[in-house]
């Protein structure tokens with residue numbers, strides 16, 4: 001999965017609120033059943049490697065349609081939380097592969113585990129991203145599979161090896177869109193942002209509707225502080241796949257970065273509002289997205305809602321107690337609580 005980091009804002013607590021767009025939901029839990037969650041993992045049949053960036057749909061068992069969507073992380077894992085007890089269907093859809101489905105009875109359990117495998121559909125294109133009709137040559141597919149297996153093992157050395165495999169696959173079949181996407185994300189994991197940008201731009205050139213490439217490219221532009229470019233490509237990706245929590249979260253980061261450098265709160269307000277709306281959307285799609293809670297905490301702190309910010313920071317620490325910003329967040333929470341206690 002693509003690593004996403006949010007820069008903490010260490011600033012004094014401001015006195016101005018932004019109550020017209022930050023609301024507090026009041027829910028009575030006394031008469032409601034406890035929520036349930038469904039989590040799982042998707043793997044490729046060929047080789048058993050984790051299947052990253054695969055679209056997972058949560059649907060109503062009775063045919064009522066889609067309830068939510070998520071993409072698997074780099075370990076092939078996914079999670080749906082805060083669900084009412086019911087029967088559900090989990091559907092895996094990855095172009096170029098046969099669809100997979102599993103029903104889950106969540107009426108008698110609080111947590112359900114789903115393990116699914118996807119097999120390549122030889123009757124369709126081997127490209128998982130869409131419109132390329134030509135089948136991938138076996139030699140290119142072999143290099144691609146070697147790269148995917150290496151990525152699943154993790155580590156810089158394996159990632160470098162995986163990038164070489166994807167490059168070989170592309171040299172054999174230049175229209176191999178999925179290999180181009182994997183190459184771009186491998187370069188991202190290595191921190192080689194210029195190479196990642198070029199690989200992802202080539203992905204979109206070959207397949208303009210490859211929304212995962214758009215979201216990954218948005219992350220690259222964020223790392224390069226190219227905010228206008230990041231906003232443009234993320235909006236384009238969300239126009240194709242609206243229910244991407246990663247797309248909405250990265251767009252929230254774009255607006256946050258725009259607001260962060262503006263000292264005057266009134267001038268920063270439009271960007272702050274946009275950032276809050278996007279991060280709220282991301283958390284509605286994935287409540288366990290820890291960096292999104294961190295970002296929302298910073299947004300609330302910026303507008304003087306210290307106690308609400310602490311709630312978000314605490315949630316980030318619960319989800320990622322050893323996260324990249326855990327120590328800084330704990331220190332900030334302690335500082336806010338001491339200041340609040342002193343005020344009383």
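The values are calculated or read from the model by the stated rules, or taken from the named source; none is laboratory data. This is a predicted model, so every value here is computed, not measured. Please note: Cβ atoms are built from the backbone with ideal geometry, for glycine as well, and neighbour counts cover all protein chains shown.
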Practice problem: Within segment 192-207, identify whether any single residue is within 24 Å of residue 136 (Cβ to Cβ), in contact (Cβ under 8 Å) with a residue 60 or more places away in the chain and crowded, with 24+ Cβ neighbours inside 10 Å, and answer yes or no. | Solution: yes
Of the conditions (1) out of contact with any helix residue (DSSP H, G or I) (no Cβ under 9 Å at 6 or more places or on another chain); (2) over 25 Å from residue 339 (Cα atoms), the single one that residue 321 does not satisfy is (2)
Legend entry - Filter result for residue 285 (closer than 30 Å to residue 58 by Cα, within 22 Å of the chain's Cα centre (by Cα) and in contact (Cβ under 8 Å) with a residue 40 or more places away in the chain): yes
Among residues of segment 165-196 being out of contact with any helix residue (DSSP H, G or I) (no Cβ under 8 Å at 6 or more places or on another chain) and assigned to a helix (DSSP H, G or I), the residue nearest to residue 214 (Cα to Cα) is 194
| said: Given the condition more than 15 Å from the chain's Cα centre (by Cα), within 23 Å of residue 220 (Cβ to Cβ) and buried (at least 23 other Cβ atoms within 10 Å of the Cβ), answer yes or no: does some residue in segment 234-252 qualify? | reply: no
_Some residue of segment 211-221 being in contact with a strand residue (DSSP E or B) (Cβ under 8 Å, 6 or more places away or on another chain), within 21 Å of residue 165 (Cα to Cα) and in a helix (DSSP H, G or I)_ = yes
- Query: Do we find a residue being closer than 30 Å to residue 157 by Cβ and buried (at least 18 other Cβ atoms within 10 Å of the Cβ) anywhere in segment 279-287?
  - Reply: no
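Yes/no matrix, rows are residues, columns are (1) part of a loop (DSSP other than H, G, I, E, B); (2) without any contact (Cβ under 8 Å) to a residue 40 or more places away in the chain; (3) under 22 Å from the mean Cα position of the chain (by Cα); (4) not assigned by TED's automatic domain parsing to the domain that holds residue 251:
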residue: 270; (1), (2), (3), (4): no, yes, no, no
residue: 273; (1), (2), (3), (4): no, no, yes, no
residue: 293; (1), (2), (3), (4): no, yes, yes, yes
residue: 297; (1), (2), (3), (4): no, yes, yes, yes
residue: 304; (1), (2), (3), (4): yes, no, no, yes
residue: 316; (1), (2), (3), (4): no, yes, yes, yes
residue: 330; (1), (2), (3), (4): no, yes, no, yes
residue: 337; (1), (2), (3), (4): no, yes, no, yes
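Being on the phi > 0 side of the Ramachandran plot and at pLDDT below 90, is that true of even one residue in segment 137-157? Steps first, please.
Pass one, segment 137-157, residues on the phi > 0 side of the Ramachandran plot: 154-155.
Subset that is at pLDDT below 90: 154-155.
So far as segment 137-157 goes, yes, one or more of its residues are on the phi > 0 side of the Ramachandran plot and at pLDDT below 90.
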Requested in this report: Return a yes/no flag: does segment 19-26 have any residue that is farther than 27 Å from residue 150 by Cα, surrounded by 14 or more Cβ atoms within 10 Å (Cβ to Cβ) and modelled with pLDDT of 75 or more.
Outcome: no
Within segment 318-328, the residues that are assigned to a helix (DSSP H, G or I) and under 17 Å from residue 286 (Cβ atoms) are 318, 319
